[in-house]
Amino acid sequence: MFIKVKKRKLFIAVFLIGVLYLLSVIAPGILKHMYPMKYEDIISRYTAEYKLDLYLIAAIIKVESNYNITAKSHKGAIGLMQIKPSTGQWIGKQIGIEGFTEEMLYDPEINIKMGCWYINYLLKYYNGNKQLVLAAYNGGLGNVNKWLKDEACSDDGITLKNIPFEETRRYVEKVNRAYNIYKKVYL
């Protein structure tokens, strides 16, 4: 009886080790499928140019459009990084894009370049505070500035303790979750 118990425990231990090994081999492949890194050459180029975290931009694209170049939101944001045409027009002027048109936002090269430029702009504006940057990318810079002045949202005028827009609060959480997965899977 004592030997049967030992054999069963040994079998269970070997079985669990086998399952863990299979999961360690299979899970990264599943995660890479669920969290793709499409347009990596473009993302790499502009994250290097604007000194950004590649995994942050990948996470933003994942959450914004799920890497769908033809994505268009109900609010009119377009492309991989979901840029509104009015924002694209403004960014285009800042970075010297002549003859900007809304259709340009469907071009992965232009969309990612503009999105990276804007994330860099927000990082400088908010002194590197990623939470504020993500909240502003989704909810608007003007709204974030208002929230920072509201005691119900910010104790110090520098950080947010509360994001009043549920969509923006969920957005920040989703991007942070995706960012952590991208770092684990692609590092």
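Which of the residues spanning region 123-141 are over 16 Å from Tyr171 (Cα atoms) and of a type outside the set (Phe, Trp, Tyr)? The answer is Leu123, Lys124, Asn127, Gly128.
Close Cβ contacts (under 9 Å, 6 or more residues apart or on different chains) running from residues in region 93-107 that are more than 21 Å from Thr70 (Cα to Cα) to residues that are part of a loop (DSSP other than H, G, I, E, B) comprise Lys93/Phe100.
Within region 122-144, restricting attention to residues that are surrounded by 17 or more Cβ atoms within 10 Å (Cβ to Cβ) and aromatic (Phe, Trp, Tyr), the residue that is farthest from Ala178 (Cα to Cα) is Tyr126.
Screening the candidates Leu105, Leu132, Leu160 for the property of being touching a Ser or Thr at 6+ places or on another chain (Cβ under 7 Å), over 15 Å from Ile57 (Cβ atoms) and assigned by TED's automatic domain parsing to the domain that holds Ser73 yields one hit, Leu160. Among the residues making up region 72-91, a single one is assigned to a loop (DSSP other than H, G, I, E, B), surrounded by 15 or more Cβ atoms within 10 Å (Cβ to Cβ) and of a type in the set (S, T, N, Q): Gln82. Scanning region 94-128 for residues that are among the small types (Gly, Ala, Ser) and not in a helix (DSSP H, G or I) yields Gly96, Gly99, Gly128.
Annotation: of all residues in region 77-109 being among the hydrophobic types (A, V, I, L, M, F, W, C) and touching a Gly at 6+ places or on another chain (Cβ under 8 Å), the one that is farthest from Met37 (Cα to Cα) is Phe100.
Name the residue that is farthest from Tyr118 (Cα to Cα), counting only residues in region 55-71 that are surrounded by 15 or more Cβ atoms within 10 Å (Cβ to Cβ), without any contact (Cβ under 8 Å) to a residue 24 or more places away in the chain and not hydroxyl-bearing (Ser, Thr, Tyr). So the residue we want is Ala71. For region 139-187, residues that are part of a loop (DSSP other than H, G, I, E, B) and either under 20 Å from the mean Cα position of the chain (by Cα) or not acidic (Asp, Glu) (or both) total 14. Against the test of being closer than 16 Å to Tyr182 by Cα, charged (D, E, K, R) and either modelled with pLDDT of 60 or more or touching a strand residue (DSSP E or B) at 6+ places or on another chain (Cβ under 8 Å) (or both), the options Glu40, Glu49 yield a single qualifying residue, Glu40.
Per-residue answers, yes or no, for (1) assigned by TED's automatic domain parsing to the domain that holds Asn138; (2) within 18 Å of the chain's Cα centre (by Cα); (3) of a type in the set (A, V, I, L, M):
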{"position": "Ile69", "(1), (2), (3)": "yes, yes, yes"}
{"position": "His74", "(1), (2), (3)": "yes, no, no"}
{"position": "Gly79", "(1), (2), (3)": "yes, yes, no"}
{"position": "Thr87", "(1), (2), (3)": "yes, no, no"}
{"position": "Gln94", "(1), (2), (3)": "yes, no, no"}
{"position": "Gly99", "(1), (2), (3)": "yes, no, no"}
{"position": "Asn111", "(1), (2), (3)": "yes, yes, no"}
{"position": "Leu122", "(1), (2), (3)": "yes, yes, yes"}
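Exactly one residue out of Ile69, Ile95, Ile57, Ile110 is modelled with pLDDT of 95 or more and touching a Pro at 6+ places or on another chain (Cβ under 6 Å): that is Ile69. Look at (1) modelled with pLDDT under 95; (2) closer than 17 Å to Glu64 by Cβ and you find that Lys184 fails only one, number (2).
The values are calculated or read from the model by the stated rules, or taken from the named source; none is laboratory data. If you're wondering where the values come from, they're calculated on a predicted model, not measured in any experiment. With ideal geometry, Cβ positions are generated from the backbone for all residues, glycine too; neighbour counts draw on all protein chains shown.
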